[in-house]
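Let me begin by presenting the structure, written as structure tokens, before commenting on it.
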């Protein structure tokens, strides 16, 4: 039992070192040689556009459920006019970025991990390297840039959908005009609330891309290796999302 | 020499390949044949020793020198290693579009080159198919067509007939000889298939436990008074 735990701890630190080295490899190859623009656009389409439906449904439900949960509590306190503002700030600063990033890690991250792992076990990555193509440039740089770019955009879009979901939820309790809802939502909402939330999604996207590419690129052989890589990609990137969120909140608090 | 987890996979292997020659590396599974090939193209690095490819020490090449050497080598992986997400046409155009010499050609010329290479391997109708639509033998032929796109001087065949039925194996063996005649290539063929070794090899190297235990033409090796060597011929 003790040796299993020690083994797990050893693997953890090896993975941390591996991801750090892999990140260095990413940056070294980022500006090397021709940029694979077509593949980058393809990855943006797969990571971004193909996630829209999932994000739309989830975000609307998020806004709706949050409104339905909070409304009776605020009503009791006589503070129900604050509901649009509370929901909006909660979603934009925290719930939106984290939940959408977790969904993104699950959908896109696991796909990247499984795809690269499958390419590794079928020698496709070796074939690329032997034909004098840089596989890091083609496979990793494009995917990491795509996740870094598309996640913040998906979060902004998701926040908007959550906002609409909240409005739909509040409308069920009585007539409230969209104009009034909009004014109340943005009351006491400052740019300094939006900026850290947006910046952290860039880091979320970057680390989801790097970690999932790493897990897939250095996967073990066999079908078991593919499954393990996809799973490890999601678990590791989900943990990192929470860690980064904790760090960002501390920094934001210090700046305030 | 190359070691994995304390076990010597290659131990004191030394050989040369002559221009225009088909050299067969014969050995049972796990004798280090694929490891040798991966060291030649620097997908792996040996623990000791040196490898010279086209007159250059591949272990100490700079990136651009390594890329230049690799562009002169075609590598047919065991399962073909076709890129799943691309059609056969895109698979063939992929290395060509990234090669410094070929990418300057108009797309039409590259397409014609891809068509020519697919025709030479008997897959003229497979241009728009996806790898998942091809049989095992067809995947190997498509992989071979892709490896021909950069007009290699050396082709490495990694177990070209493994997993194929006898009829397709014969077709692949014949194809290897046709490719040499058409494209004037040298080749290293890794196999444990005696028939493949007999048809395709000008010279055989027999590997066992990471060492070369026999060398010569097929007829010479077959007549050798060596128990380990005779195990292959008595299958």
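Placing dummy labels 7 Å off each Cα toward the beta-carbon, the span from residue A:191 to residue A:231 is 4.8 nm. Ellipticity at 222 nm from helices only: DSSP H runs of n ≥ 4 in chain A, each -39500 (n - 2.57), divided by the residue count, give -27000 deg cm²/dmol.
Pop out the Kirkwood hydrodynamic radius of chain A from its pairwise C-alpha distances, inverse of mean 1/r, in Å to one decimal. Intermediate results must be reported in sequence, preceding the final value.
Numbers: mean 1/r = 0.0504 Å⁻¹.
Its Kirkwood hydrodynamic radius stands at 19.8 Å.
Counting neighbouring beta carbons within 10 Å and listing from fewest to most, the residues B:144, A:239, A:103, A:154 come out as A:239, A:103, B:144, A:154. Computed from Cα positions, the angle between helix B:136-147 and the longest principal axis of chain B comes to roughly 80 degrees. Computed over segment B:61-105, the quotient of the alpha carbon radius of gyration and 2.2 N^0.38 Å is 1.30. Ordered by the count of other Cβ atoms within 10 Å of each Cβ, fewest first, B:148, B:43, A:75 give A:75, B:43, B:148.
Quick one: plug the Kirkwood hydrodynamic radius of segment A:117-256 (C-alpha pairs) into Stokes-Einstein at 4 °C, 1.567 mPa s, and report D in µm²/s. Walk me through the numbers before you get to the answer.
On the way: Rh = 18.1 Å.
Rounded to a whole number, D works out at 72 µm²/s.
Where Rh denotes the Kirkwood radius from the mean inverse Cα pair distance, what is Rg over Rh for segment B:86-151? Walk me through the numbers on the way to the answer.
On the way: Rg = 11.0 Å, Rh = 11.6 Å.
Rounded to two decimals, Rg over Rh is 0.95.
The distance between label points at residue A:53 and residue B:29 comes to 4.2 nm (points 7 Å beyond Cα on the Cα→Cβ vector).
Sum -39500 (n - 2.57) across every DSSP H segment of at least 4 residues in chain B, then divide by the residue count to get the 222 nm mean residue ellipticity, nearest 500. Only helices count here, giving -11000 deg cm²/dmol. Note on segment B:174-235: semi-axes of the ellipsoid equivalent to its C-alpha gyration tensor, largest first and rounded to whole Å, are 23, 11, 10.
By per-residue mean of other Cβ atoms within 10 Å, what is the highest-first order of A:161-168, B:174-181, B:13-20?
Working: A:161-168: 22.4, B:174-181: 16.2, B:13-20: 11.5.
Packing order, densest peptide first, comes out as A:161-168, B:174-181, B:13-20.
Restricting the calculation to alpha carbons of segment A:1-117 gives Rg and Dmax of 21.2, 63 angstrom.
Note on the protein assembly as shown: antiparallel DSSP beta bridges, both residues inside, total approximately 35 percent of the bridges counted.
At a threshold of 8 angstrom on Cα-Cα distance, excluding pairs fewer than six apart, so keeping six or more, what relative contact order does segment B:86-151 reach in percent? If you can, show how the numbers build up before the last one.
Numbers: 66 pairs, mean separation 32.0, N = 66.
Reported relative contact order: 49 percent.
Relative to the longest principal axis of the Cα atoms of chain A, the long axis of helix A:110-121 makes an angle of roughly 10 degrees.
Of the Cα atoms belonging to segment B:96-235, the radius of gyration and Dmax stand at 17.5, 57 Å. Across all Cα atoms of chain B, the radius of gyration (one decimal) and Dmax (whole number) stand at 17.9, 57 Å. Take each residue in B:82-92, count the other chain C-beta atoms within 10 Å of its C-beta, and the mean is 2. Here segment B:5-92 is treated as an ellipsoid with the same Cα gyration tensor; its semi-axes, largest first and in whole Å, are 24, 18, 14.
Each peptide in B:73-85, A:52-64 was scored by the mean count of other Cβ atoms within 10 Å over its residues; highest first, the order is B:73-85, A:52-64. Here the residues A:123, B:11, A:76, ranked from fewest to most Cβ neighbours within 10 Å of their Cβ, fall in the order A:76, B:11, A:123. Could you state the angle between the C-alpha long axis of helix A:142-171 and the longest principal axis of the C-alpha atoms of chain A, as a value from 0 to 90 degrees rounded to the nearest 10? The angle comes out near 20 degrees. Contact order for chain A, expressed relative to its length and based on alpha carbon pairs under 8 Å spaced 6+ residues apart, stands at 32 percent. Taking every alpha-carbon pair under 8 Å whose residues sit at least 6 apart, chain B reaches a relative contact order of 29 percent. Counting, for every residue in A:113-122, the Cβ atoms of other protein chains within 10 Å of its Cβ and taking the mean gives 2. If you wrap the Cα atoms of the protein assembly as shown in a convex hull and average its projected area over all directions, you get 30.3 nm².
Evaluate E = 1/(1 + (r/R0)^6) for residue B:72 and residue A:242, where r is the Cβ-Cβ distance and R0 equals 56 Å; express this FRET efficiency to the nearest 0.05. If you can, show how the numbers build up before the last one.
Values: r = 49 Å, r/R0 = 0.88.
Computed FRET efficiency for residue B:72 and residue A:242: 0.70.
Read-outs: derived from the displayed coordinates by stated rules, not from any lab. Not measured: the values here are computed from a predicted model. Cβ atoms come from the backbone with ideal geometry, glycine included; neighbour counts cover every protein chain shown.
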